[in-house]
Amino acid sequence: MTGNRLEMVEREKWQFWIDRGGTFTDVIALAPDGRLTVHKLLSVAKDLYADAAIEGIKRLLNQGGMKSIEDNLIEGVRMGTTIGTNALLERKGDRTLLVVNRGFGDALRIAYQNRPDIFALEIVLPSMLYEHAIEISGRMSADGEEVEALNLREARALLQAEYERGFRSVAIVLMHSDRYPGHERQIAALAREIGFSQISASHDVSPLIKFVSRGDTTVADAYLTPLLTRYLDELSANLPATKLFFMQSNGSLTPANRFRGRDCLLSGPAGGVVAAAKTAKLAGYDKVIGFDMGGTSTDVSHYAGEYERSLENVIAGVRIRAPMMAVHTVAAGGGSILSFDGERCRVGPHSAGADPGPACYRKGGPLTVTDCNVMLGRVQPQFFPRIFGARHDQAIDLDVVHQKFSLLKQEMASASGCERTAEEIAEGFLEIAVETMANAVRKISTERGYDLRDYALAAFGGAGGQHACAMAEKLGIRTILIHPLAGVLSAFGIGIADTGLIRNKSIEMPLDKH
């Protein structure tokens, strides 16, 4: 890359690389002449536009001299999205029906009987993604013997009844179907005949041994895929002739029609890992810590010559068995809410998001990490996007930040009897946030035996550059890399990622010298 141009063969059409985050949506346009143009806008602004990605494309095309989206001039759109992640965190996926063998209706709830917090007196288990489970007669043994014949008449009646109750998404999880999927295929065919629009069968979603993790992954796929499908339909309606590719959690792109719920949970952060690794390598560094601080959370990653991926993952209390970039996420972003309970100060885990956003966003939001930087003069209105206020054309609000910190100062002085300036309070909250993020880096590096003095810190994301020096000092890192497109580096990584597919399958065969 040279300046704001990408060194490549000139093309006839435009490309768009998009990272749709929880607070901001980042859009990079690659013009036919290789010129890169960047636009950042709020992910949620219902009074101004329906979809941030489409709006970003329109605005960048307008800068290129076109009044509207001319689909025949767009070569492709590459995107990462938090739609699935947010739906999982907030439990806002589609109503999902679970189909299991007779006697296994509560197997996924019982699971491995793990205690989320071993010292908690009151055990609060995460809610299940499926709304209802039905048990079907029929069972295969571990050796492929049909222990009990599949009762298709019973299966049809049960599925029909649930369809009439409003279920349209079904997860089919049967014993030993990773090796012997015949019964699952027959049930899937029945569900298709009845009219279910989303059918996730475990032998297709996660063809691996272990009933519980295979089942959880399949349920998550059925729960999230319909949301993605509806969003893809909206995009396709605006871009009917455009090739759409989506970033998968494993760090590779896939065509839109193959993008599934199981593969979407680290869609945006995976792009950041790819970009951090590739840009650091161009700068001469083979060992890098990725530090991606956005509006809602901070993602950290470790790279030492090859991508690190994990197969077993627990996200929002749900086991997902699919290849994912090894990204550690903490609830400390620019939008993380500051709180004081009378005794101690906290940063996060709750976020102000895009709506209402931080206090300075002019929507009546609470004080956040971003407001700390505003208070300290590290975020200045003239260098921040003018996208706030009733018409989304105003700068951030300095006055409300000073007012709210003044009130917080009085509250803390009354509770503790100790007088501190508003600036000292803001510094204190930033120290808490930095320590939280530094601990996340330690978990993926020093706690695994890596010496961070040999690493570069690749700081990116909308808030990464503001905290990079403090992070490096905490961790003992001597080199910081900040790319020219650091504020939108995840979108850049999505643009330069490879198209790929990772498949998993259990193979149980005897090993001998032959």
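The values are calculated or read from the model by the stated rules, or taken from the named source; none is laboratory data. Computed from a prediction, not measured in an experiment: that's the story for all the values here. Using ideal geometry, Cβ is built from the backbone for each residue, glycine included, and neighbour counts are taken over all protein chains shown. The area values use the complete protein model at the heavy-atom level, side chains included, leaving out ligands, DNA and RNA. Shrake-Rupley method; radii C 1.70, N 1.55, O 1.52, S 1.80 Å.
Here are the numbers for the structure shown:
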item: Members of segment 132-152 found to be basic (Lys, Arg) and farther than 16 Å from Gly182 by Cα, listed by number; result: none
item: Flag if Ile337 is hydrophobic (A, V, I, L, M, F, W, C), touching a Leu at 6+ places or on another chain (Cβ under 8 Å) and open to solvent by 40 Å² or more (accessible area, probe 1.4 Å); result: yes
item: Test: residue in segment 212-219 that is free of Cβ contacts under 8 Å to residues at least 60 places away in the same chain and either over 17 Å from the mean Cα position of the chain (by Cα) or buried (at least 24 other Cβ atoms within 10 Å of the Cβ) (or both); result: yes
item: Residues being closer than 21 Å to His467 by Cβ and open to solvent by 40 Å² or more (accessible area, probe 1.4 Å) - total across segment 307-330; result: 2
item: Residue check for Glu306: of a type in the set (Asp, Glu) and closer than 27 Å to Thr446 by Cβ; result: yes
item: Tally of residues being of a type in the set (A, V, I, L, M, F, W, C) and surrounded by fewer than 22 Cβ atoms within 10 Å (Cβ to Cβ) across segment 340-372; result: 2
item: Output for segment 398-429, where each listed residue is among the hydroxyl-bearing types (Ser, Thr, Tyr), open to solvent by less than 80 Å² (accessible area, probe 1.4 Å) and not in a loop (DSSP other than H, G, I, E, B); result: Ser406, Ser416
item: Selected residue (criterion: farthest from Thr25 (Cα to Cα)) from residues of segment 233-250 that are small (Gly, Ala, Ser) and open to solvent by 10 Å² or more (accessible area, probe 1.4 Å); result: Ala241
item: Qualifying positions in segment 140-175 - buried (at least 16 other Cβ atoms within 10 Å of the Cβ) and either hydroxyl-bearing (Ser, Thr, Tyr) or assigned to a strand (DSSP E or B) (or both); result: Met140, Tyr163, Ser169, Val170, Ala171, Ile172
item: Exclusive hit being among the hydroxyl-bearing types (Ser, Thr, Tyr) and either open to solvent by 50 Å² or more (accessible area, probe 1.4 Å) or more than 30 Å from Arg139 (Cα to Cα) (or both), set Thr81, Thr96; result: Thr81
item: Residue in segment 133-140 that is in contact with a His (Cβ under 7 Å, 6 or more places away or on another chain) and not β-branched (Val, Ile, Thr) present; result: yes
item: Residue match in segment 262-285 (condition: open to solvent by 40 Å² or more (accessible area, probe 1.4 Å) and touching a Ser or Thr at 6+ places or on another chain (Cβ under 6 Å)); result: yes
item: Leading residue by the ranking (nearest to Ile494 (Cα to Cα)) among those in segment 16-39 that are more than 13 Å from the chain's Cα centre (by Cα) and among the β-branched types (Val, Ile, Thr); result: Ile18
item: Pairs with Cβ under 6 Å, 6+ apart, first in segment 487-514 and without any contact (Cβ under 8 Å) to a residue 24 or more places away in the chain, second open to solvent by 10 Å² or more (accessible area, probe 1.4 Å) and assigned to a helix (DSSP H, G or I); result: none
item: In segment 430-479, the residues that are among the aliphatic types (A, V, I, L, M) and surrounded by fewer than 17 Cβ atoms within 10 Å (Cβ to Cβ); result: Ala470
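Let's see how each residue does on (1) closer than 28 Å to Ala459 by Cα; (2) of a type in the set (S, T, N, Q):
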| position | (1), (2) |
| --- | --- |
| Gly333 | yes, no |
| Phe340 | no, no |
| Gly357 | yes, no |
| Lys363 | no, no |
| Gly377 | yes, no |
| Gln380 | yes, yes |
| Gln410 | no, yes |
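Every residue, every condition in (1) surrounded by 15 or more Cβ atoms within 10 Å (Cβ to Cβ); (2) in contact (Cβ under 8 Å) with a residue 12 or more places away in the chain, yes or no:
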| site | (1), (2) |
| --- | --- |
| Leu88 | yes, yes |
| Asp117 | no, no |
| Pro126 | no, yes |
| Ile134 | yes, yes |
